[in-house]
Structure formats: structure tokens, C-alpha cells
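One structure is given here, and the rest of the page talks about it.
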Amino acid sequence: ADPLTEPKAVPSARMWEELRILRHVRHPNIALFHGAVIECEGPVLLVMELVVGAPLDKYFKRHRSWEAQKHEMARSLVMSGVCCALVYLHSRKPGVVHGDLKASNVMVEALVAGPRAKLLDFGLSRKATVQARLDGGTVGYVAPELYRAEDRAPRPSADIFSLGVLLFFVSSGREAWSSYSREEMARMVRSNALPPVAWNPTTSLLEELKPIIVRSMALAAASRPSSQEVH
């Protein structure tokens, strides 16, 4: 089958949730939703903007020098775009929590004016209502409180934790906790701790962003800044 035309199989519940969120979302730093194909007996297909670019992790790993001034400016532009998308989502009424912010869910377009971030994949997103619950997420990015079954209410602070991890990657070139399994992370969270972060070797951008990264990756959700403050 042609990979460009063959639809990717996605669980229907997740697809319906993504459709429910995307039909109310419009922002330059979020991949645009055009519509959906819904059949009586068949998958729900989303029609999305074609973003010409590369996932954030692959985009920046192409650059060997993490200290080069041009590349540092590119990283700042991309992360500013991610922050703008979160400010928009969190300010909706009710707010929208993305729920799976990570490097592979951010596409980077190479434009003449500079790179632009586009946030993707809203299958785990939830509106911040009393009844809603976050589920899933990616190990190494998911907020620690979500490892506890009794504390999965969709709060913007969960996205902020993931944003802090993403900022660390973009400014250092390293994944903060890529070697840890979900079980290991859950065990540490239950003991009221997180694995240590290797701040060295450092870069000038990492040094500049370290204070906001530390606050964003705080174990306690209430200690994290807002998306507006991070931006």
C-alpha cells in the first residue's frame, strides 16, 4: 500500500477525542484541522494540514553544534512557538491540556523568516473539566502526578512539566530521562522524588533557561509556572 494514502490505524476512542478537541482549535503553531471523514462502518479519518518539515528531535539533531549562534536562535524561535500554542490552549474556556507534549509531537517548518513549530497529535488531549481524566503520556515527559491513579485531572501544569523536559532537550541536545522505564519513574514518584538531571555538559542556552526549566520540572504541580510565564 502507498504510505501516503493508506490511513494509519488509530483506536476509535482516541480519534473521537482528537476530533472533539481539534474542531474548536485554531492557532498558527498548531497543525490545522480541515475536517473529518466519518463512515458508518469504518475508521474516522481526520483531514489535517500538511506540515512540510521534520519532527523537532530530528530537526535539531541534524545540527552538530549546539552552541552556534544561528542554531541557538532557531531553537529559541521553535520553543517560543510551542509556548504560544500552549498559552492559547490553556486559555480556552474550558482550557485544553495537550497531554502528550514531546519532541516527536512538534513539527518544525523551515521558513524564510526562521523555523516555526507546529503542535501535533491531540489524541490524549482533554478539556480541563471536573469529569475529565488524562491517560497515557510518554515516559520521560509525563508529569509525575499522572503516575498516581487518583490524580489524573487535566491541569495545565501537566503540560508545563512536559514543556520543561522539552526545553531541556532543545537547549542541551540530551533527553533528561530516556533510560528510565515507566515502572522506574512510577517507583521514584511514589517515593516523592524524580531522577537527577545531568546539567553538564552545558550550553549557553541551557544556562540561560535552567531556572525556568527547574521550576517547570518541579515535582509539585503547584510549584510550576504558567505557560504564559514560561513564554
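The values are calculated or read from the model by the stated rules, or taken from the named source; none is laboratory data. Not measured: the values here are computed from a predicted model. Glycine also receives a Cβ, built like all others from the backbone with ideal geometry; neighbour counts cover every protein chain displayed. To get the accessible areas, we keep the full protein, side chains included, count just its heavy atoms, and leave off ligands, DNA and RNA. Shrake-Rupley method; radii C 1.70, N 1.55, O 1.52, S 1.80 Å.
For the residue pairs Lys61/Lys102; Lys58/Lys102; Lys61/Lys127, the alpha carbons lie more than 23 Å apart in Lys61/Lys127. Solvent-accessible area per residue in the stretch 96-226 equals 43 Å², computed with a 1.4 angstrom probe and all protein chains kept.
If Lys and Arg each add +1 and Asp and Glu each add -1, what is the summed charge of the other residues whose beta carbon sits under 9 Å from the beta carbon of Gly164? Computed value for this residue: +2.
The phi-based Karplus calculation (6.51 cos²θ - 1.76 cosθ + 1.60; θ = phi - 60°) puts the 3J(HN,Hα) values of the stretch 31-38 at 4, 6, 8, 9, x, 9, 10, 10 Hz, whole numbers, x for Gly and Pro.
Helices from the chain with mean Kyte-Doolittle at least 1.0 and a Cα length along the axis of 18 Å or more, per DSSP H: which? Membrane-span-like by this criterion, though nothing is claimed about a membrane: 156-172. Placing unit charges on the Cβ atoms of the charged side chains and taking the dipole of the chain about its Cα centre, the candidate lying farthest along the positive direction among Ala103, Ala220, Gly173 is Ala220. With contacts taken as Cα pairs under 8 Å at a separation of at least 6 residues, the chain carries a relative contact order of 19 percent.
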